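The values are calculated or read from the model by the stated rules, or taken from the named source; none is laboratory data. Note that the structure is a prediction, hence the values are computed from the model and not measured. When we count neighbours, we look across all protein chains shown, and the Cβ atoms used for this are built from the backbone with ideal geometry, even at glycine. Only protein heavy atoms, including side chains, enter the accessible area calculation; ligands, DNA and RNA are left aside. Shrake-Rupley method; radii C 1.70, N 1.55, O 1.52, S 1.80 Å.
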Amino acid sequence: MAEVPSGGSDKRRRTVRAASTKPTSRVRMSAAQRREQLIAIGRQIFAERGFDATSIEEVASRAKVSKPVVYEHFGGKEGLYAVVVDREVRSLLDRITTALTAGNPRELLEQAALALLGYIEEETSGFRVLVRESPLLSATGNFSSVMNDVAHQVEHILGAEFSSRGYDPKLAELYAQALVGMVALTGRWWLEVRKPRKETVAAHLVNLSWNGLSHLEAKPGLISAGR
């Protein structure tokens, strides 16, 4: 019986192998898409290493582009860092400002604490960028500036509360800075430990700030939690 030639089958196999090893063309990003990619990568590296230890070479390497591409978009590491910090500052401040909706002063404290802790939980890299020290941070572009803005809002709330209770409203600024500072420092600590859960941390913060050490509740809770 005659043997069937296998040349056709071999040819088809070679064609399949050639097709499978053919390099795929990379999808080209638009300028806007590339910029967003670089910002996201820069944000992550700044959070991991800080400003000084971050290099344009690493940003370009992770983005799989050449260094000139990064320079074209941001002018250098300083420009990229400024964009990242500005976005995080606005994001955190917007989140806290939006959260302050209640009329009850205690609930406002709860909302502010939960908003900050929620940002830390959901935007950990962004928070790490903000709290890291950098020689480039200005008075209007860092974590302290955000907390100062929040303190000014709390000051207005406390001022009205102090006046209604017969206290000196001029002391509202001092108390606002103390309250916001307490929440901010606790947030930095919670960034690393993540225990207990943020609702419990917020409840204890409000317990201390609202009741004071001499009137602490044994088992504090959030009065707005059941709504």
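Side notes on the structure shown:
- Karplus-derived HN-Hα couplings along the stretch 116-125 (A = 6.51, B = -1.76, C = 1.60, θ = phi - 60°), whole Hz, x at Gly and Pro: 5, 5, x, 4, 4, 5, 8, 10, 4, 4
- Among L130, L114, the order of accessible area from largest down is L114, L130, computed with a 1.4 Å probe on protein heavy atoms.
- Where trypsin sites (Lys or Arg not before Pro) fall in DSSP loop in the stretch 146-206, at most 13 other Cβ within 10 Å: R194, R197
- Counting only protein heavy atoms and a probe of 1.4 Å, the accessible surface of the stretch 50-177 is 51% carbon and sulfur.
- Ranked by solvent-accessible area (1.4 Å probe, protein heavy atoms only, all chains present), the residues L38, L174 order from largest to smallest as L174, L38.
- Neighbourhood net charge (13 Å Cβ-Cβ; Lys/Arg +1, Asp/Glu -1) for L179: -3
- Between the stretch 144-191 and the stretch 76-131, the alpha-carbon center distance in angstrom: 16
- When the trypsin sites (Lys or Arg not before Pro) in the stretch 49-84 are filtered for DSSP coil states and for at most 15 other beta-carbon atoms within 10 Å of their beta-carbon, the remaining sites are K64.
- Ranking H215, H73, H152 from most to least accessible surface, computed with a 1.4 Å probe over the protein chains only, gives H215, H152, H73.
- Listed by chain and number, the aspartates and glutamates whose C-alpha is less than 16 Å from the C-alpha of K77, apart from same-chain residues fewer than 8 away, are E36, E48, D52, E57, E58, D86, E133.
- In the context of the full protein assembly, Y175 retains an accessible surface of approximately 110 Å², using a probe radius of 1.4 Å and ignoring ligands and nucleic acids.
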